[in-house]
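S.K.: The structure's right below; bear with me while I get my questions together.
The values are calculated or read from the model by the stated rules, or taken from the named source; none is laboratory data. Computed from a predicted model, the values in this text were never measured in an experiment. Cβ placement follows ideal geometry from the backbone for every residue including glycine, while neighbour counts extend to all protein chains displayed. To get the accessible areas, we keep the full protein, side chains included, count just its heavy atoms, and leave off ligands, DNA and RNA. Shrake-Rupley method; radii C 1.70, N 1.55, O 1.52, S 1.80 Å.
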Amino acid sequence: TPPDMTMFAWLNRQREAFGSPFLICCCCVYFGQGFRVLSSLSLQLWLKDRLLLDPVDLQWILSLSNLPWSIKPLYGLASDARPIWGRRRKPYLILAAVIGVSSWLGLASLSQNEEVNQNLLLALLVLTNLSAALS
């Protein structure tokens, strides 16, 4: 069989096992994760060229902003142990989306300023990564 047909057969088996809503949710999450990578390069260039951060400060900010990924297993435990409104996953995904949209909008507005508070920048970067790690 052609490879395309094998892929469609696999997708059909996944849809039968898990349902279409779950597969659509997975596709959206992975699309969002991939889209984040596109913005990371422009973010690094903005930090280097516009804010004139030296390599040490740039790496320091980017390393600290990735801390939410280090404690990702705790989010899973928290969502299992502390359901919100009787649900274990959906409210956490909605919370992650709200945090993500808010923090990216904050970064967009911050990019228009000449003077940028590095603490605010770090907080917004941490929130963007928290949002992605929660989802």
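S.K.: Does anyone have the angle between helix 3-18 and the longest principal axis of the chain? Alpha-carbon axes, 0 to 90°, nearest 10?
M.R.: For helix 3-18, the angle is close to 90 degrees.
S.K.: Only one of the values [x] 28; [y] 41; [z] 73 was calculated from this structure for percent of Cα pairs over 25 Å apart; name its label.
M.R.: Computed from the coordinates, percent of Cα pairs over 25 Å apart corresponds to [y].
S.K.: Another question, then. Pop out the carbon and sulfur fraction of the accessible area of the range 1-129 as a percent, whole number, probe 1.4 Å.
M.R.: Looking at the range 1-129 in its full context, I get 68 percent from C and S.
S.K.: Out of Ala81, Ser103, Gln118, whose Cα points farthest toward the positive end of the dipole of the range 42-135 (charges: +1 Lys, Arg; -1 Asp, Glu; placed on Cβ)?
M.R.: Ala81
S.K.: What is the chain's relative contact order, in percent, from Cα pairs under 8 angstrom and six or more apart in sequence?
M.R.: 27 percent
S.K.: What accessible area per residue comes out for the chain, rounded to a whole number of Å², with a 1.4 Å probe?
M.R.: I get 70 Å² per residue for the chain.
S.K.: Follow-up. If we count every other residue with Cβ under 14 angstrom of Arg88's Cβ, Lys/Arg +1 and Asp/Glu -1, where does the sum land?
M.R.: It works out to a net charge of +3.
S.K.: To the nearest 0.05, what FRET efficiency results for Ser42 and Leu105 with a Förster distance of 25 Å applied to their C-beta separation?
M.R.: Taking R0 as 25 Å, the efficiency between Ser42 and Leu105 is 0.95.
S.K.: Right, next: Report, in deg cm²/dmol and to the nearest 500, the calculated mean residue ellipticity at 222 nm for the chain, where each DSSP H run with n ≥ 4 adds -39500 (n - 2.57) and the sum is divided by the residue count.
M.R.: Calculated mean residue ellipticity at 222 nm is -25500 deg cm²/dmol.
S.K.: Could you check the simple spin-label distance between Val116 and Arg88, using points 7 Å along Cα→Cβ, in nm with one decimal?
M.R.: Between Val116 and Arg88, the simple spin-label model gives 4.0 nm.
S.K.: So how far apart, in nm, are the two label points at Ala9 and Arg50 if each is 7 Å from Cα heading toward Cβ?
M.R.: Rounded to a tenth, the inter-label distance reads 5.0 nm.
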